[in-house]
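Trainee: Take this structure, written in structure tokens, and hold onto it; I'll ask about it next.
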Number of protein chains: 2
Amino acid sequence: MRQYLLPDTFEGEDHVLLTGKESQYLVKVLRLKIAQHFMGRDREGKVWDLCLESIGKNNCVLGCRVPDAGEPLVSTDVLPSYSGPYPHLFLYQCLCKGKKNEQIVRQATELGVEEIVLLTSTYCTKEFSKKNDKNLGGQKDRLEGQIKEAIQQSGSPIPTHLHQEMLPLTSFPQHWNNRGLALFFHQSERADQKSLTQLLSNHPIESPVALLVGSEGGFSEEECNFLEAAGCKPVLLNTNILRAETAALYGLSAIQVVLTEREN
Amino acid sequence: MRQYLLPDTFEGEDHVLLTGKESQYLVKVLRLKIAQHFMGRDREGKVWDLCLESIGKNNCVLGCRVPDAGEPLVSTDVLPSYSGPYPHLFLYQCLCKGKKNEQIVRQATELGVEEIVLLTSTYCTKEFSKKNDKNLGGQKDRLEGQIKEAIQQSGSPIPTHLHQEMLPLTSFPQHWNNRGLALFFHQSERADQKSLTQLLSNHPIESPVALLVGSEGGFSEEECNFLEAAGCKPVLLNTNILRAETAALYGLSAIQVVLTEREN
């Protein structure tokens, strides 16, 4: 664990009581000792100096303190991590089958995506597109669990959020609300195709980028036309036809590499 | 299937008999019809015009013909794919736990890596580092299966090969034999650190690049020193601490993106 992610219910109190699995993880798995300090982060991404104050029966109490400016914090892991700048990435991922969503969500979190929105689209798993069920249902807890674990392991300073309901692809323009550049990755040539470097050439690293990735079947022709009409730019990947879960990570890596290589 | 990968035993004969699973896949899963033509590729990466000539009981016969120059070939899938140029990527991956190796090998094949060599290193799965067993054992068939499936699905023109035995990290210099630039990805700052763009700035896309990726624990300090003494260049990723399987794909994507964006 490179940092401890505080529960969603944490609101800046000076003490927090952890029970069950959360407590076990710190006490039994990491074997933290009473009075040990470690770095935490809340769901807003704010850093906290945490201290294990007491251990009870299947629970423990942490003291939470806002560190002073410049105060070095103790990580339970010694590896230093990249300190930025980070691009502001937003992933709109058409729902894939089963475990693939978990892999995509975990890897997007590792890379530092700010928000992940799952979309339903023409070629996405019938199960969901038919039901027209906005709820993530049983998947939600597993996806949230992947995010929490990935933030803790990767030391990511970005508090990745999962949008709490699935949206139809047609709601993308409204949800995105022109916050910045929106790209969709696909694998057939379209008119007015630009390279990723061209599209990002005037894009400051501070400005948000949305990436739309299709499900197993990609985007339909109608969906591509809809996205273009909504101002999204098509990007052709300079690689083979990728599976959906590979395409998501490849696309996010590509954007992060192009923007950060220019800065560093 | 975007292309059919011919068996290892194929040596350019004008007919090939397929049995068991191979035959079932074409006849039962893809439901190809007698006289149907489709695109094939042999293990050298050479393209063949294949034709289903007869269907027997749990077997089938394909006619194999070298297409004329410029002759368009029929793919069983209509998606056009990227036509190059491709960087010449070689992945030296320290062995990870269980299924992770399969994911890494599959995704590296999707991206068009030419050869994958599995390495044993200080922090790699004890099971293997202790046994000192060069054989990939039971894993070999599963990894080969992932490669075949990935070549067929991704339409990759690169006939990815898996080195048939594991090598200790210390054998890397001998195996690589200075064929081109060798990079190792790691996540702590080293002296004389250059960015990926700087390292690749004078690297022609035609020239081979080796990427070394650590196992779950990364590379030890001694291993980093050894690799640097052998002429490998350290690259610090501009992102969070990644899991081994994410790091492999991120690193390969990064190199492919930097080299192909420059060309296209």
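Trainee: Please state which of the following conditions A:Phe128 fails to meet, knowing it meets all the rest: (1) modelled with pLDDT under 90; (2) within 23 Å of A:Asn177 (Cα to Cα); (3) of a type in the set (A, V, I, L, M, F, W, C).
Mentor: Answer for A:Phe128: the failing condition is (2).
For (1) loosely packed, with under 13 Cβ neighbours inside 10 Å; (2) touching a residue at least 24 places away in the same chain (Cβ under 8 Å), each residue gets a yes or a no:
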{"residue": "B:Gly137", "(1), (2)": "yes, no"}
{"residue": "B:Asp141", "(1), (2)": "yes, no"}
{"residue": "B:Gln146", "(1), (2)": "no, yes"}
{"residue": "B:Asn178", "(1), (2)": "yes, yes"}
{"residue": "B:Arg190", "(1), (2)": "no, yes"}
{"residue": "B:Ser201", "(1), (2)": "yes, no"}
{"residue": "B:Pro208", "(1), (2)": "no, yes"}
{"residue": "B:Leu211", "(1), (2)": "no, yes"}
{"residue": "B:Glu216", "(1), (2)": "no, yes"}
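Trainee: Still on this structure, please answer the following. Can you find even one residue in the stretch A:103-121 that is surrounded by fewer than 19 Cβ atoms within 10 Å (Cβ to Cβ) and more than 14 Å from chain B (Cβ to nearest Cβ)?
Mentor: Within the stretch A:103-121, none of the residues are surrounded by fewer than 19 Cβ atoms within 10 Å (Cβ to Cβ) and more than 14 Å from chain B (Cβ to nearest Cβ).
Trainee: Does at least one position in the stretch A:213-231 carry a residue that is touching a Lys or Arg at 6+ places or on another chain (Cβ under 9 Å), of a type outside the set (Gly, Ala, Ser), over 25 Å from B:Thr246 (Cβ atoms) and within 14 Å of chain B (Cβ to nearest Cβ)?
Mentor: Within the stretch A:213-231 (the criterion being touching a Lys or Arg at 6+ places or on another chain (Cβ under 9 Å), of a type outside the set (Gly, Ala, Ser), over 25 Å from B:Thr246 (Cβ atoms) and within 14 Å of chain B (Cβ to nearest Cβ)), the answer is yes, since at least one residue qualifies.
Trainee: For the stretch B:2-43, what are the residues that are among the acidic types (Asp, Glu) and at pLDDT 90 or above?
Mentor: Correct list: B:Glu11, B:Glu13, B:Asp14, B:Asp42.
Trainee: Residue pairs, Cβ under 8 Å, 6 or more apart or interchain, first in the stretch B:240-264 and more than 7 Å from chain A (Cβ to nearest Cβ) and closer than 16 Å to B:Thr109 by Cα, second assigned to a helix (DSSP H, G or I) and of a type in the set (A, V, I, L, M). List them.
Mentor: From residues that are more than 7 Å from chain A (Cβ to nearest Cβ) and closer than 16 Å to B:Thr109 by Cα, the pairs are B:Glu245/B:Ile104; B:Ala248/B:Ile104; B:Ala248/B:Ala108; B:Leu252/B:Ala108; B:Leu252/B:Leu111; B:Ile255/B:Leu196; B:Ile255/B:Leu200.
Trainee: Kindly indicate whether any position in the stretch B:61-78 is over 30 Å from B:Ser253 (Cβ atoms), surrounded by 18 or more Cβ atoms within 10 Å (Cβ to Cβ), small (Gly, Ala, Ser) and touching a residue at least 24 places away in the same chain (Cβ under 8 Å).
Mentor: No - not one qualifying residue is present in the stretch B:61-78.
Trainee: For the stretch B:62-91, how many residues are at pLDDT 80 or above and facing another protein chain (nearest Cβ under 9 Å)?
Mentor: The total comes to 3.
Trainee: Oh, and also: Within 14 Å of another protein chain (Cβ to nearest Cβ), closer than 20 Å to B:Gly84 by Cβ, in a loop (DSSP other than H, G, I, E, B) and polar (S, T, N, Q) - does that describe any residue in the stretch A:181-190?
Mentor: yes
Trainee: Continuing with this model, one more query. Could you tell me whether the stretch B:123-143 includes any residue that is within 11 Å of another protein chain (Cβ to nearest Cβ) and not in a strand (DSSP E or B)?
Mentor: Within the stretch B:123-143, none of the residues are within 11 Å of another protein chain (Cβ to nearest Cβ) and not in a strand (DSSP E or B).
Trainee: Residues in the stretch A:42-51: is at least one crowded, with 16+ Cβ neighbours inside 10 Å and closer than 30 Å to A:Leu169 by Cβ?
Mentor: The answer is yes, given that some residue of the stretch A:42-51 is crowded, with 16+ Cβ neighbours inside 10 Å and closer than 30 Å to A:Leu169 by Cβ.
Trainee: Does A:Leu196 qualify as being at pLDDT 95 or above and either over 21 Å from A:Tyr250 (Cα atoms) or assigned by TED's automatic domain parsing to the domain that holds A:Arg106 (or both)?
Mentor: no
Trainee: Related question: In a loop (DSSP other than H, G, I, E, B) and more than 21 Å from the chain's Cα centre (by Cα): does that describe B:Arg262?
Mentor: In short, no.
Trainee: Could we say that A:Asn202 is at pLDDT below 95, in contact with a helix residue (DSSP H, G or I) (Cβ under 8 Å, 6 or more places away or on another chain) and part of a loop (DSSP other than H, G, I, E, B) here?
Mentor: Judged against the criteria, A:Asn202 is not a match.
Trainee: Same structure, new question: What tally of residues in the stretch A:144-177 results from selecting those that are away from chain B (no Cβ under 14 Å), in a helix (DSSP H, G or I) and polar (S, T, N, Q)?
Mentor: Residues that pass the stated criteria total 3.
Trainee: Let me ask something additional. Please find, within the stretch B:218-250, the residue that is nearest to A:Val257 (Cα to Cα) out of those that are among the acidic types (Asp, Glu) and crowded, with 18+ Cβ neighbours inside 10 Å.
Mentor: B:Glu245
Trainee: Continuing with this model, one more query. Based on what the data block shows, is B:Lys99 within 13 Å of chain A (Cβ to nearest Cβ) and without any contact (Cβ under 8 Å) to a residue 24 or more places away in the chain?
Mentor: yes
Trainee: Kindly indicate which of B:Lys57, B:Lys99 is in the same structural domain as B:Ser207 (by TED's automatic domain parsing), over 13 Å from the mean Cα position of the chain (by Cα) and charged (D, E, K, R).
Mentor: The match here is B:Lys99.
Trainee: Taking the stretch B:207-256 only, how many residues are part of a helix (DSSP H, G or I) and more than 24 Å from B:Asn101 (Cβ to Cβ)?
Mentor: Count: 4.
The values are calculated or read from the model by the stated rules, or taken from the named source; none is laboratory data. Since we're looking at a predicted model, the values are computed, not measured. With ideal geometry, Cβ positions are generated from the backbone for all residues, glycine too; neighbour counts draw on all protein chains shown.
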